[in-house]
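Working notes, structure below.
What follows is calculated from the coordinates using simple rules that are stated; it is not laboratory data. Being a predicted model, the structure only gives us computed values, none of them experimental. No Cβ is skipped: glycine too gets one built from the backbone with ideal geometry, and neighbour counts run over all protein chains shown.
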Amino acid sequence: MRPAEGEVLHFSEDPTIRRFVPHVAATSAETEPYVWAVGADRAPDYWFPRDTPRAMAWTTPDTTPADRDRIIGAGSGNRVHAVEYAALPAMRDVRLYAYRLPAAPFHPIGAEAHALVATEPVAPLGPAEPVGDLFALHEAAGIQLRVLPNLWPFWDEVVASTVGFSGIRLRYAATRR
């Protein structure tokens, strides 16, 4: 599930949204009201139930071969997503939807431009589309999905390496051991 040319995506477990209105997200460090979305490159970051803690890593031009093999795995693609075992039931059962939104009102935010924001209300281009089987989606995209008892040891290795990375909802991860 990725946006087409001229589109961005917003993922939600609510299939009834008719209009996205800028707001300050409870989980955001931002104080300005925004409508949030992602482009094709970051859509896989949201192929999860909303509150699922996940640690994601991918190769970049600066990634060393040693870090690639250690973090991503030799011969296993360019990207890995890690979740905890506790996330598996929600990943199997969630009904996740994607909203296609016009890209024009959105602009990148943050130093890494990991997300896109709009400061005006945005209407979806059509009804919410079921995302479907999250495991199959990862497999079809060639993204390794790693299941761990605790994310923190993996996360510590990732952030100390040369791979690109993102952590979402890590505050919900199991306690650091």
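If you scan region 156-173, which residues turn out to be out of contact with any Phe, Trp or Tyr (no Cβ under 8 Å at 6 or more places or on another chain) and hydrophobic (A, V, I, L, M, F, W, C)?
Within region 156-173, just A160 meets the criteria.
Give me the residue from region 141-160 that is touching a strand residue (DSSP E or B) at 6+ places or on another chain (Cβ under 7 Å), part of a loop (DSSP other than H, G, I, E, B) and not aliphatic (A, V, I, L, M) and, out of that set, surrounded by the most Cβ atoms within 10 Å (Cβ to Cβ). Give the steps one after another, and end with the answer.
Here is the first cut: in region 141-160, the ones touching a strand residue (DSSP E or B) at 6+ places or on another chain (Cβ under 7 Å) are 143-151, 154-155, 158-159.
If we keep only those that are part of a loop (DSSP other than H, G, I, E, B) as well, we get 143, 149-151.
Cutting the leftovers down to not aliphatic (A, V, I, L, M) gives us 149-150.
On the way: P149: 10, N150: 15.
This residue is N150.
Listed here are the residues, each with its yes/no results for (1) without any contact (Cβ under 8 Å) to a residue 40 or more places away in the chain; (2) of a type outside the set (V, I, T); (3) more than 17 Å from D41 (Cβ to Cβ); (4) surrounded by fewer than 18 Cβ atoms within 10 Å (Cβ to Cβ).
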position: L134; (1), (2), (3), (4): no, yes, yes, no
position: E139; (1), (2), (3), (4): yes, yes, yes, yes
position: T162; (1), (2), (3), (4): no, no, yes, yes
position: R171; (1), (2), (3), (4): no, yes, yes, yes
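Name the single residue that is farthest from A136 (Cα to Cα) among those in region 1-40 being over 18 Å from the mean Cα position of the chain (by Cα) and of a type in the set (S, T, N, Q).
Filtering first and then ranking leaves T31.
Name the pairs whose Cβ atoms lie under 6 Å apart, with the first residue in region 110-130 and of a type in the set (D, E), the second part of a strand (DSSP E or B), and 6 or more positions between them or separate chains?
The qualifying pairs are E129/A98.
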